[in-house]
Structures are given as C-alpha cells and as structure tokens.
Amino acid sequence: MFAPKMMRQSSYLHAQVMRQTMRQTVRPPTRPLSHLISPPPFRPLSSLLPLPSHSFSTASFSTANFSTASFSTAAVPAPPAAATKKHMVVSHGAAYEESMSGKHGEHLQLLENEKDPVLAGSPLASEFAVLELSGSQFKVCVGDVLTTEKLKPVSKYFVGAEIDMTDNIVLCGSKEHTLVGMPHVANASVKVRIEEITRDATVVVFKKRRRKNSRTKNGHRREVTMLRVLDINFEV
C-alpha cells in the first residue's frame, strides 16, 4: 500500500538530481561572428583627397600678424540699457470721458436716496489705484477705508503709522491715462494710514457626524487691519 508513495519520492529525487546535473554542465563559450569577417584596412581621409599644389609657410601663422587692438572690448557693442518703465500706458479720448461721465451721473441718480453717497471707484471722482495686499486686490481712491488681513510686522504696521506703498501697485488710472503694471507700476505710490487693528465678526464652524453622537461647534475671528487712503501719486 506504500508503493505509490515510494514511487513518488523516487521520481522527486530523480528530478532533483537531473536539475543539479544540468546546472553543473559546462557550456562551451559562444564566439561572435565578427572573428569570421576581417575588417578593411584603415585609410585616413587625407589619402583620398588631392594635396594642394602650393605649400604653407610658418611665417604666415606667426603671432606677429595678430594685434591685441583687434580684440579690444571697444569693438564689442554694449548691450542696450534696460527699460526703466515697468508698466504700459493707455490714453483715453473724449468719447471715453463722455461715456464715463454719463455712467457716473447714472450712479449718482441711483444713490440719491442715500445719506452719504460713496463716490469711490469712479474714474471721474479722482485718481484710482489697484493695490495687492495679503493675496487680494483692492481698487481704491483717496479717502477709502480698506479692511484686509492683518499686516505684519506690527512694528511697521502699527495704529497711526503712515506708509507709502510702492511695490504692490498693479494698476493706476485717471481720466486721461491708465497705467497697467507689468507686473507692478513703476514710479507710483499710495499713501495710507493704519486706522485700526482688530478682529472680524465671529464665524461659527459647526460639524456633525450623523449616527455617531459627534458634534463640534467652534468660533473663529480673523485678525484684520483697517487702512485709510490718503494720497495717490503716479507718473506717466
């Protein structure tokens, strides 16, 4: 009854012996076919081209024929000077002024019932500018009050400080011209005064996970800085 099991074991041992034999067999090294083909003899290209009839003298290649004056830096043209302007100027005509005057009048008609109409943002009210503060852009005129993220450091942006902003103006304009920054407007400044540093209204953050008896309610008040625009200056 144990004969089939013994036969299986013997066949398994026989297979192992055969594998070991095949691994130990030394195979003859293979040789590429390149040894059967002899390469052609090497011949330089100079042997295929006809030689010129005249000969060169070493005197023609002497260093005396080359002067240092021919390699002076004065012969190299200077690179063009970089442009100082970093903005594009767009001039407006009379048609633009008339159309904007009409729109400004319509805007006043809509706000005639208000106690204190806000004229900020209109090109005919005064010069305007677009500031980039804390990742946001604001269109401002003289007298506007901005509410932006808290400006840091506080040692520079403290209450009552008057600051000239020059590096974050992306657009300026008036009735006659519009200056488009590339990416910022050169020779332009906006003077602002820090009015207040406070916190904004509370925002409720409520989370609930149903069927888990889990609820979370938090409040968040962001810190803001309030600025007042005092003056806008730019050169066309």
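The values are calculated or read from the model by the stated rules, or taken from the named source; none is laboratory data. Keep in mind that this is a model prediction, so the values were computed, not measured. Here the Cβ positions follow ideal geometry from the backbone for every residue, glycine too, while neighbour counts run over all protein chains shown. Just the protein is used for accessible areas: all its heavy atoms, side chains included, with ligands, DNA and RNA removed. Shrake-Rupley method; radii C 1.70, N 1.55, O 1.52, S 1.80 Å.
Scan the range 171-184 and tell me whether some residue there is without any contact (Cβ under 8 Å) to a residue 12 or more places away in the chain and open to solvent by less than 80 Å² (accessible area, probe 1.4 Å). No, the range 171-184 contains no residue that is without any contact (Cβ under 8 Å) to a residue 12 or more places away in the chain and open to solvent by less than 80 Å² (accessible area, probe 1.4 Å). The number of residues in the range 130-146 being assigned to a strand (DSSP E or B) and touching a Phe, Trp or Tyr at 6+ places or on another chain (Cβ under 9 Å) comes to 7. From the list 151, 179, the lone residue that is part of a strand (DSSP E or B), touching a strand residue (DSSP E or B) at 6+ places or on another chain (Cβ under 6 Å) and either modelled with pLDDT under 95 or within 21 Å of residue 131 (Cβ to Cβ) (or both) is 179. Restricting 195, 235 to residues that are acidic (Asp, Glu) and at pLDDT below 90 narrows the list to 235. Of all the numbered requirements in (1) in contact with a helix residue (DSSP H, G or I) (Cβ under 7 Å, 6 or more places away or on another chain); (2) at pLDDT 95 or above, residue 208 misses one, and that requirement is (1). Being aromatic (Phe, Trp, Tyr), at negative phi and not in a loop (DSSP other than H, G, I, E, B), is that true of even one residue in the range 156-167? For the range 156-167, residues aromatic (Phe, Trp, Tyr), at negative phi and not in a loop (DSSP other than H, G, I, E, B): absent.
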